[in-house]
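The structure appears right after this line, and notes come after that.
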Ligand code: GNR
Ligand code: NI
């Protein structure tokens, strides 16, 4: 594990308005050593960036892979390959102040379905399923959105979305 740790790379995270963040990721056909190395690097990158989740899309790899760790201790990385989310109750919502490593410094309260069921493939290529609630359910939905090219700002009113976009452009000296 130690030698693997030394080899882990800090990946560059794409930032809005990079058009590559709008790519729809393709399913992983078979979990190979190439995927496992990427996943190890994604977990390392998530911890170094102090994020609670990271989607492969954000590191410019367009296959359906997520890593999440919502634990306080930051010692419980979860890997989800080919995640299929099913919303159990569309009427039951919960709101969280969301941030995104691809929109550093910008936050907004987003309402999402409070619980979801997830089918996925794990790091070892095994099919699994479980039910998520609370912050984990929100984070899974935020990450699966990335795999579909969707960002949290897409849920805001045009006024709020434009305000964030304007601030990103001022902050980063971009003329849109
Ligand atoms: O670090 C992150 N925090 C967060 C907070 C509320 C809802 C979702 C998230 S995910 C985010 C990391 C990220 O950008 N993942 O794509
Ligand atoms: Ni994000």
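A few notes on this one:
- Subset of the stretch 158-172 (residues that are without any contact (Cβ under 8 Å) to a residue 24 or more places away in the chain, over 20 Å from the mean Cα position of the chain (by Cα) and under 28 Å from residue 83 (Cβ atoms)): none
- Test: residue in the stretch 65-78 that is in a helix (DSSP H, G or I), more than 18 Å from residue 24 (Cα to Cα) and out of contact with any helix residue (DSSP H, G or I) (no Cβ under 6 Å at 6 or more places or on another chain): no
- Per-region count, the stretch 45-68, residues crowded, with 19+ Cβ neighbours inside 10 Å, farther than 18 Å from residue 19 by Cα and over 10 Å from the mean Cα position of the chain (by Cα): 1
Per-residue answers, yes or no, for (1) over 26 Å from residue 170 (Cα atoms); (2) surrounded by fewer than 18 Cβ atoms within 10 Å (Cβ to Cβ):
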position: 82; (1), (2): yes, no
position: 89; (1), (2): yes, yes
position: 126; (1), (2): yes, yes
position: 146; (1), (2): no, no
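- Within the stretch 31-61, the residues that satisfy the criterion of being part of a loop (DSSP other than H, G, I, E, B), on the phi < 0 side of the Ramachandran plot and in contact with a helix residue (DSSP H, G or I) (Cβ under 7 Å, 6 or more places away or on another chain) are 52, 61.
- Exclusive hit being within 14 Å of ligand 2 (Cβ to nearest atom), touching a helix residue (DSSP H, G or I) at 6+ places or on another chain (Cβ under 9 Å) and either in contact (Cβ under 8 Å) with a residue 60 or more places away in the chain or over 26 Å from residue 39 (Cα atoms) (or both), set 176, 135, 151: 151
Every number here is computed from the coordinates shown, using simple stated rules; none is lab data. These numbers come from a predicted model, not from an experiment. Methodologically, a virtual Cβ is constructed for each residue, glycine included, from the backbone with ideal geometry; neighbour enumeration extends over all protein chains shown.
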